[in-house]
Structures are given as structure tokens and as C-alpha cells.
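The block underneath contains the structure these notes are about, expressed in C-alpha cells.
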Amino acid sequence: MGILDAKALRDDIVARLLTDEVDLETSAYLDRILELAEMEEAEHQFLNDPFDRSVALVLQLFQDKDLDPWAVDLSAFLEMFSTRIEDTEDIDLPTCGRLIRMAWQVLRGQAETLIERQNHEDEVDEPWIYDGGWESDFDDNDYNFSVGIITGTHKERLPDMFSGRIQREEGRPVTLGELLMGLKAASRISEEQNLRLKIAEKRRASLEMARERFSGSLHVEDLEGDIRRTWEAMRMRANPEDQTCTLSAISEELADRSMESGTIREEANAEAQVAAMVATLFLVNRGYASIEQKDAIDGSVILTDLHPDESDFEELSLRLHPPPEIEEAV
């Protein structure tokens with residue numbers, strides 16, 4: 001028996017949505033998952049199907065600001081959500097809309113963290129390059145003196161070396177002790193700079209991985225375009241007798257159009273289902289069509305074209321929603 005079975009939730013769905021790919025019993029989020037599962041006001045409590053409840057539980061959990069939204073595998077959600085829509089004859093439209101909204105909130109959180117990483121990368125200082133000067137210029141006498149100190153032949157001169165001043169053309173006289181301290185400080189600065197470079201390289205690699213993962217699931221937002229294409233698809237697939245059309249038929253029409261532009265079938269179906277669902281709600285709200293669902297929750301979603309005689313979307317839009325008149329100044 002699974003950990004969440006008693007709460008009408010599915011362990012396999014919850015584990016698949018987490019990117020750490022570990023067993024749910026050893027997941028770092030187990031305590032928070034159990035705590036959220038007990039909350040009566042949580043969003044998943046208003047859903048009935050164990051699949052929907054499990055997805056809603058994970059998506060709601062990672063809306064918390066102190067959790068990394070990248071821990072949610074939205075590609076897995078998209079795959080499971082698309083499969084569920086394809087295998088289900090009758091779609092529960094309100095529940096689908098709720099899950100899409102919650103997934104969008106997680107996606108927005110991922111985008112915000114991606115932008116934040118980019119900003120941090122831009123703040124990394126330029127690499128420090130050591131430019132040798134007088135410190136690297138030695139002659140034979142200096143070399144012989146250094147060898148004498150190392151071998152011990154000049155040990156009688158050691159007591160005076162740290163107290164005496166060394167005069168050089170570039171600046172004030174300094175002691176050997178000051179030079180050694182300066183060399184130590186330069187070494188420390190160099191180590192810190194190397195550490196910053198390593199951190200910047202790791203961030204850059206992490207950012208590239210995030211970009212690759214993020215770009216594959218990004219949907220280009222064109223709401224008005226989706227509304228128009230959905231209206232056209234509704235008219236293309238409408239029954240000429242009663243001007244009705246199912247939501248699934250509209251989704252198929254949009255998917256076919258996406259495939260004509262080079263999109264593969266799986267991605268076209270997934271994007272068309274989401275676009276059709278959202279755009280349909282706007283068509284109904286703006287008076288282009290009416291909507292009904294037969295046989296309660298599990299019934300087909302039917303749209304009816306309220307303006308079958310209109311063939312131009314722009315003209316119909318102007319008639320339904322004329323622009324406000326601007327009063328002339330007196």
C-alpha cells in the first residue's frame with residue numbers, strides 16, 4: 001500500500017513529477033507533501049480523481065517561495081496530462097483549467113529563477129590577469145644571494161633583512177617583511193579569484209542546462225492569435241445543420257495546422273489541446289460562441305457558433321466589441 005493511498009492520492013504520479021527521481025519514501029519533500037495532503041483548504045481537496053488530486057498536490061506544493069520550482073518536472077506533467085486527455089472521452093473542463101493554471105504558476109517560477117541566475121552571472125567580475133613588473137626582474141646577484149640564503153652561507157645577514165628598508169625606483173622604501181606580506185595577500189586574492197571563476201563556470205553550465213530544458217517546454221504566448229485560430233477551427237469543423245462543434249474536433253484542427261508548420265504530432269497535440277481549451281473560454285466570454293457539456297462532468301464539451309453568417313473575424317470582433325468613441329474637445 002502506498003504512502004498516499006489513504007488520502008485518495010497516487011504515489012507514482014507524485015514521484016514522477018519530482019525531478020530528483022528518488023523513491024517517494026526517501027524524498028526530501030515527503031514531510032511537506034504529507035502536511036499539505038492533510039490540509040482541508042488545499043486545492044487538491046476539491047478534486048475527485050486520484051490523478052488530478054496528485055498533480056494538484058505537487059503543483060501547489062512548489063508554489064511556495066522557499067522551494068525550487070525546477071524540482072517539478074513539467075515535461076512529465078505535460079506528457080501525463082496529454083495522455084489523460086487522449087484516453088478520456090469526456091473531459092472535465094473545470095479541473096483541466098485548474099491544473100493548467102497551477103502548472104503555469106510553477107512555469108513562471110522557473111522562468112523567474114532563470115532570469116535571476118542570468119543576472120547573477122552578469123555580476124561576476126572579469127578574470128584578474130597578473131601583469132608582471134619589477135617583481136619579476138632579477139639579475140645574477142639577486143639569484144646568487146637567494147641561493148646563499150637558502151644554503152645558509154649568508155645566514156649572518158638574516159637578522160638585518162627584515163628591519164632594513166629596500167629602496168626601489170617605483171615607490172617608497174619597504175621592508176622585506178612588507179614584501180612577503182604583500183606576496184601572501186596577492187596569493188590569497190589569486191585563490192579567491194580562481195574560486196570565483198570556478199563558481200561562474202558552474203553557474204554558466206547550470207544555466208545552459210536550464211535553458212535547454214526550458215526552451216523545449218516554452219509555449220509562445222499569442223492569446224489573440226489563438227482565439228482567432230480557434231474560431232476558424234470551430235467554423236471549419238462545425239456541423240452545418242446546427243452549427244455545433246466539439247472541443248476535441250477543434251483541438252484536432254489546431255494540431256493539424258501546427259503539423260503543417262513542422263511541429264511533430266505529439267507536441268502539436270499537446271499544445272493544441274491547451275490552446276483550444278483556453279481560447280474557447282474567451283470565445284464564450286466575448287460572445288462568439290456558447291458552450292455546454294453533456295452528461296455532467298464526463299460529457300463532451302460542445303460549442304455553438306452564435307454568428308454562423310459572419311465569415312470575417314475582424315468585422316465580427318468590431319461589431320461585438322466596438323472601440324470606445326473619443327469625445328472631441330469643445
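To keep it simple, each residue is scored yes or no on (1) on the phi > 0 side of the Ramachandran plot; (2) touching a residue at least 60 places away in the same chain (Cβ under 8 Å); (3) in contact with a helix residue (DSSP H, G or I) (Cβ under 9 Å, 6 or more places away or on another chain).
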{"site": "Thr230", "(1), (2), (3)": "no, no, yes"}
{"site": "Glu253", "(1), (2), (3)": "no, no, yes"}
{"site": "Asp256", "(1), (2), (3)": "no, no, yes"}
{"site": "Met259", "(1), (2), (3)": "no, no, yes"}
{"site": "Val301", "(1), (2), (3)": "no, yes, yes"}
{"site": "Asp312", "(1), (2), (3)": "no, no, no"}
Exercise for the section: Give Ser317, Ser311 a once-over and let me know the one that is surrounded by fewer than 14 Cβ atoms within 10 Å (Cβ to Cβ), under 17 Å from Ala233 (Cα atoms) and either in contact with an Asp or Glu (Cβ under 6 Å, 6 or more places away or on another chain) or of a type in the set (S, T, N, Q) (or both). Expected result: Ser311
Practice task
State all residues of region 76-125 that are of a type in the set (S, T, N, Q) and in a helix (DSSP H, G or I); if no residue qualifies, say none.
Solution key: Ser82, Thr83, Thr95, Gln105, Gln110, Thr113, Gln118, Asn119
Handout entry: Residue ID - surrounded by the fewest Cβ atoms within 10 Å (Cβ to Cβ), chosen from residues in region 212-234 that are of a type in the set (Lys, Arg) and at pLDDT 90 or above
Key = Arg228
Practice task
Kindly indicate whether any position in region 299-321 is under 24 Å from Met102 (Cα atoms) and assigned to a helix (DSSP H, G or I).
Solution key: no
Fill in the blank from the handout: So, first residue without any contact (Cβ under 8 Å) to a residue 60 or more places away in the chain and under 20 Å from Pro94 (Cα atoms) in region 266-279, second residue surrounded by 20 or more Cβ atoms within 10 Å (Cβ to Cβ) and of a type in the set (A, V, I, L, M, F, W, C), Cβ within less than 7 Å, six or more apart or across chains; the pairs are Ala272/Leu254; Ala272/Ala255; Ala275/Leu254; Ala276/Leu247; Ala276/Ile250; Ala276/Leu254; Ala279/Ile227
Exercise for the section: Inspect all residues belonging to region 287-308 and state whether any of them is surrounded by 17 or more Cβ atoms within 10 Å (Cβ to Cβ) and among the aromatic types (Phe, Trp, Tyr). Expected result: yes
Practice task
Among the residues of region 244-292, count how many are in a loop (DSSP other than H, G, I, E, B) and aromatic (Phe, Trp, Tyr).
Solution key: 1
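Mind listing just one residue for me: the one in region 28-67 that is small (Gly, Ala, Ser) and surrounded by 18 or more Cβ atoms within 10 Å (Cβ to Cβ) and, of those, modelled with the lowest pLDDT?
Here the answer is Ala37.
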Handout entry: Condition met for Thr95 (free of Cβ contacts under 8 Å to residues at least 24 places away in the same chain and hydroxyl-bearing (Ser, Thr, Tyr))
Key = no
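The values are calculated or read from the model by the stated rules, or taken from the named source; none is laboratory data. A quick note: this is a predicted structure, and the numbers were derived from the prediction, not measured. Glycine also receives a Cβ, built like all others from the backbone with ideal geometry; neighbour counts cover every protein chain displayed.
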